[in-house]
Amino acid sequence: MVAPTLDAQAAVNDFIYKLKRRQVEGSLVTARLTAVLLRQVISQQRLASSAPAATLIETVKSVGLRIIAANPIELTVGNVVRRVLHIIREEEASLELKSLADVNNTILSDDEESEDASSFSAAVVAAANRNVLRAPSLHNLLESLPSSVTATCNASSGGESECKSKSGEKNSKVWRLKHSVIEGINELLQEIDSYHAQVAEQALQHIHHNEVIMTCGRSHAVLQFLLEAKKKRTFEVFVAEGAPRYQGQTLAKELADANLQTTLIADAAVFALISRVNMVVVGAHAVMADGGVMVPVGLHMIALAARRHTIPFVVLAGLHKLCPQYPQNPYIFMNDMKSPSDIIDFSDISDCLDGGIGSPSLQTVNPTFDFVPPDLVSLLITDIGGHTPSYVYRIVAEYYSAEDFVLR
Amino acid sequence: MDSRRGSRFVIDPKIRQVGFVPAGCESENPNASSAVAAIANVDVNPTSDSPSPVMIPPRLADPLPRAAPLPVPSPPPRKHTSVEIPLQGSYNPTDSVLGTSPPFSPASNGRYAGVPSSEGPDLSPSFVSRASSAMEGMSLREDHLGSPSASRFATVGEYAMFKQQQPQQPATAVTKVYASSLPQEPVQSFAPVGKEDSSKPLKERTTKAERRAKQEADREAKRIAKESAGAKVVEGEARASSNVVGKASRAQSQKKDSASEKRLSAVEKASEKEKKKEIPAPRMQFDDQSRVAKAKKRALIEQTETKHRVELFRHLPQFVYGAQLPSLEAKFFHDDAMHPHPAVYQVGLQYLTGDITGGNARCIAMLSAFKELIKDYCTPRERTLIRDLTARVNNNVSFLTTCRPLCISMGNAIRFLKTRIAKLQLTLSESDAKSLIIAEIDRFMQEKINYADNEITKLAVTKIKDGDVILTYGSSCVVETIILHAFSLGKKFRVVIVDSRPKLEGKGLLRRLLGRGISCTYSHINAVTYIIQEVNKVFLGASSILSNGTVYSRVGSASVAMVANAFHVPVMICCETYKFHERVQLDSICFNELGDPDALVKIPGRKGLSELEGWSQSSHLKLLNLMYDVMPADYVSMIITELGMVPPTSVPVILREYRKDPIL
């Protein structure tokens, strides 16, 4: 295991504390902070000239595992770590491709062409290309074994050739890797930041004149989505409060301030009103690989009500919320229990609890998330477009390396 | 016709019974066939008439269909053998005790007695039709009853007198009561002697053509109002004029007829008015400008409507909360005629402030207040108790409505009360009448609420087993008693209470259960999808159950039932049958109640959250505080009533079979 530098170590610890204390909440903020932290770790990491990428992966993994463990419920942390690992792997592959091309060129220029060499190098280039492009498909999966074999052998050959070259060249190569990885992370950050705008851009495709939209709680993506649609269309919004956080009140206020016709309703009235609603739009906490979504508590009920009236249940989610995991009893393992004081004041019932007959006990249940199974989700709108839940596994395969699905 | 006749005859056991039971006397046997014809006749009619059977005022007595056939107190048959009398008389005690069939009995008697045997075939048809139509609903019955001409009415009174003169008749006393006390129905039915004689058989023959029958029915329907109105007057006269019966009743009645017809128009108007009054108007659409304006004029309290109304709910009243009180106080001591009885006033205020909530509690409070009202009531001069008391009750009800819209169970209770008042016998002294009504109210509260709750508890407890996890939503008093009872039986189970803003009624239930030593789990409605996974039974109360099986209940119940249904947890609704209603409803929007929107602003125990302070400044923001919602019948596994545990599809059956019960 490669330890990060002291500075980075401090930053990591700080972030872990924040996560543990739930001082960092909300998937967007968490994703951003995770990416920034990993960028710092990578940029400060000294890399050995031999196998710099492997070192980098090791470092990121070790840091990643720690910050994931700090708040396992915040799935975006893991997602961003996996994305960064994926970036490193991609950059490594592309660099190899480049160096191979160089080696090839030198071979071509220096020596006579031997049939063996040319065919070998051609195969290597092709394999490297595949690695870089990395469009996973059944075809690629089947070919993955030979390509990896060639990759390793060509990596060793690349190493040999590097041994011959100067040390400055080595350094520049390490530097190039680091640089391109950091570039990649910056792109990721940009993607995270622009996610709201990207999603909102699609609003006009989904919201029409005089529609009635229902949402629950407050999601920044939903706010942007509705405001974008507001620019061109007039429609009405029902906002459920979203107990126990009651952020729906905030959202309702914000929407009304933007001159959108808004009605705030209690959570209990959702079923009564859903029959007059044309679409339910909600923000997600996380999207699982099977297309199910983790959402703020209460939305499963709304999804069921929407299904009853066959009203589309649209989930807005950034790519950073996309998890490669499949949900295994998500209500228990991916949920968080909040303080009972959110739902009942102890002073209200304290007199009943002490000294009464039989000393009754009171349990309060205050979960944070609901899991909406994929069959209740009509559409997932991500920053790269709208998808059905059944397509999510494919996007997952595109954005993560299969090696990182399970971090160890 | 023949085939239909046969089939009906077999299918409808009750109707068949109707045809035969009174025919206990051999001489009536030929009637059987004509009775059957009449049955067919009756079956045609329901389609033809009664545009809105539900809205027909409950003023008329609901008779027990079973009772209808029983020939009750027999006036001395003119040309009859006396053998019959004891036979018929034997039914009397039960009838009178039950107080069920009064409206019909004199009628049937009249027929049997008064009509010579030659008219036999004539009698049973109308007789049967009356009975069966009673089952169909009051409007129908009226139709059939309407056929007799008003002119014959007088004779009933005469019969009564006649009987009095013949002390040897055992059934006299009872008969007299019936004849005199029931102003409307008994008299009508007596008629069929004269013109009908010829027309009736004719009609029967023509019923083969259904249209003809319909026409007839329609015509009759038009006449009902007149005759029922005329009945009272004529009857009164009849009593006044103690004519000898030996006189030909026909001639006399014709005289009466002309006399009564003059009055008819006035009386008719009055009865129309009364009818209108009695038609419950809970469905006033508040987006109807003209009607709202009218209602405002009549209203006791000035109410300012909120400016911020949700477009979807414009048809429902929404007033500025708390604005009623000052105007109410200002008016309280001024308008003497209008102002509510102090007890009613108190209850109204308790509704307004939310001190009394829950269908049963509100209903009991209201009935108790009406009891006080009746106790303190004295009939003004030159008025009849029935009319004036009904008007008084109406005033007080409208006061309560302005305080808070009535719930359906209260509507049913009021309907019951008014029926009782309308059915009061004119001969009763005021104090007797009052004590009678009060006793009836007590009986209603006992039978329909207390006993019913006990019965429901007994039934529902059998559904709770050791190790169960029971979920309930909000606070239903029936469910609470069920839980307490099951706990006292020593069953080991866990209770999950789900609650929702803004009322947080579950907190009260939680406190009470904890106080009794029952361990609970408490959560809010959004977490119901989480908690339902450990629950294996859901018990819910209901504000009302509508005849399409939908459950009209506290807002959120539908969501809970939906989630339970999705997770395959049985949902049991505990509801007394007096809360059942004939109305149907598909969504929660057409009919509902709007609560105070400001209740949504404050979140108890969360001082940091006050986003919505001053929300009314924003023209785009609206707050909606819905009070009820409608749970589709397919979420309901079972409805537990005092009559047993039934599926939601059985609601209309219960409504049909038990609403004829005299108590409602």
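Things to note:
- Selection from the range B:479-514 of residues that are assigned to a loop (DSSP other than H, G, I, E, B) and touching a strand residue (DSSP E or B) at 6+ places or on another chain (Cβ under 7 Å): B:SER500
- Total residues in the range B:276-307, condition in a loop (DSSP other than H, G, I, E, B) and at pLDDT 70 or above: 4
- In the range A:334-357, the residues that are within 7 Å of another protein chain (Cβ to nearest Cβ), assigned to a loop (DSSP other than H, G, I, E, B) and charged (D, E, K, R): A:ASP345
- Of the candidates A:LEU407, A:LEU379, the single residue that is over 29 Å from A:MET301 (Cβ atoms) and away from chain B (no Cβ under 11 Å) is A:LEU407.
- Only a single criterion out of (1) of a type in the set (Ser, Thr, Tyr); (2) closer than 30 Å to A:GLU403 by Cβ; (3) not in a helix (DSSP H, G or I) is not satisfied by A:TYR331, namely (3).
- B:ILE603 meets all of the listed conditions (1) within 11 Å of another protein chain (Cβ to nearest Cβ); (2) modelled with pLDDT of 95 or more; (3) over 22 Å from B:HIS315 (Cβ atoms) but one, namely (2).
- Residue match in the range B:426-439 (condition: surrounded by fewer than 23 Cβ atoms within 10 Å (Cβ to Cβ), in contact with a Phe, Trp or Tyr (Cβ under 7 Å, 6 or more places away or on another chain) and not charged (D, E, K, R)): no
- Boolean, B:GLY467 is of a type outside the set (Lys, Arg), more than 26 Å from the chain's Cα centre (by Cα) and within 14 Å of chain A (Cβ to nearest Cβ): no
- Residue match in the range B:547-555 (condition: touching a strand residue (DSSP E or B) at 6+ places or on another chain (Cβ under 6 Å) and within 9 Å of chain A (Cβ to nearest Cβ)): yes
- Only one entry in B:VAL479, B:VAL461, B:VAL495 is closer than 24 Å to A:ALA269 by Cβ and among the aliphatic types (A, V, I, L, M), namely B:VAL479.
- Some residue of the range A:358-374 being under 23 Å from A:GLN247 (Cα atoms), at the interface with another protein chain (Cβ under 9 Å from one of its Cβ atoms), crowded, with 20+ Cβ neighbours inside 10 Å and acidic (Asp, Glu): yes
- Within the range A:327-385, the set of residues being touching a Gly at 6+ places or on another chain (Cβ under 9 Å) and under 18 Å from B:ALA566 (Cβ atoms) comprises A:PRO327, A:PRO330, A:ASP370, A:PHE371, A:VAL372, A:PRO373, A:PRO374, A:ASP375, A:LEU376, A:VAL377.
- So A:VAL212, is it of a type outside the set (Gly, Ala, Ser) and under 22 Å from A:GLY386 (Cβ atoms): yes
Yes/no per residue for (1) crowded, with 22+ Cβ neighbours inside 10 Å; (2) among the aliphatic types (A, V, I, L, M):
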residue: B:SER557; (1), (2): yes, no
residue: B:ALA561; (1), (2): yes, yes
residue: B:ALA564; (1), (2): yes, yes
residue: B:ILE573; (1), (2): yes, yes
residue: B:GLN585; (1), (2): no, no
residue: B:SER588; (1), (2): yes, no
residue: B:ASP596; (1), (2): no, no
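- Residue match in the range B:532-539 (condition: over 30 Å from B:SER616 (Cα atoms), away from chain A (no Cβ under 12 Å), in a loop (DSSP other than H, G, I, E, B) and at pLDDT 90 or above): yes
- Within the range A:230-256, the set of residues being in a helix (DSSP H, G or I), more than 7 Å from every other protein chain (Cβ to nearest Cβ) and charged (D, E, K, R) comprises A:LYS230, A:GLU254.
- Residue pairs meeting the criteria (Cβ under 6 Å; at least 6 apart or on separate chains; first crowded, with 16+ Cβ neighbours inside 10 Å, in the range B:374-395; second assigned to a loop (DSSP other than H, G, I, E, B)): B:LEU385/B:THR379; B:ILE386/B:LEU424; B:ASP388/B:THR379
- Residue within the range A:273-282 that is more than 8 Å from chain B (Cβ to nearest Cβ), touching a Cys at 6+ places or on another chain (Cβ under 9 Å) and either assigned to a loop (DSSP other than H, G, I, E, B) or farther than 20 Å from B:SER610 by Cα (or both) present: yes
- Taking the range A:285-310 as the range and being free of Cβ contacts under 8 Å to residues at least 60 places away in the same chain and either more than 8 Å from chain B (Cβ to nearest Cβ) or surrounded by fewer than 24 Cβ atoms within 10 Å (Cβ to Cβ) (or both) as the test, the residues that pass are A:ARG308, A:HIS309, A:THR310.
- Selection status of B:HIS581, free of Cβ contacts under 8 Å to residues at least 24 places away in the same chain and more than 8 Å from chain A (Cβ to nearest Cβ): no
- Members of the range B:613-639 that are assigned to a strand (DSSP E or B) and facing chain A (nearest Cβ under 9 Å): B:LEU621, B:LYS622, B:LEU623, B:LEU624, B:LEU626, B:TYR628, B:ASP629, B:VAL630, B:MET631
- Members of the range B:410-457 that are outside any helix (DSSP H, G or I) and charged (D, E, K, R): B:LYS423
- Candidates in the range B:591-600 are the residues that are more than 7 Å from every other protein chain (Cβ to nearest Cβ) and in contact with a Lys or Arg (Cβ under 9 Å, 6 or more places away or on another chain); of these, the one that is farthest from B:LYS507 (Cα to Cα) is B:PHE591.
- Qualifying residue in the range B:622-638 (condition: surrounded by fewer than 24 Cβ atoms within 10 Å (Cβ to Cβ), under 30 Å from B:ASP598 (Cβ atoms) and among the small types (Gly, Ala, Ser)): no
- Scanning the range A:257-272 for residues that are at negative phi and not aliphatic (A, V, I, L, M), we see that the one that is farthest from the other protein chains (Cβ to nearest Cβ) is A:ASP257.
The values are calculated or read from the model by the stated rules, or taken from the named source; none is laboratory data. Note that this is a predicted model, so its numbers are computed, not measured. Heads up, the Cβs are rebuilt from the backbone with ideal geometry, glycines too, and the neighbour counts pull from every protein chain shown.
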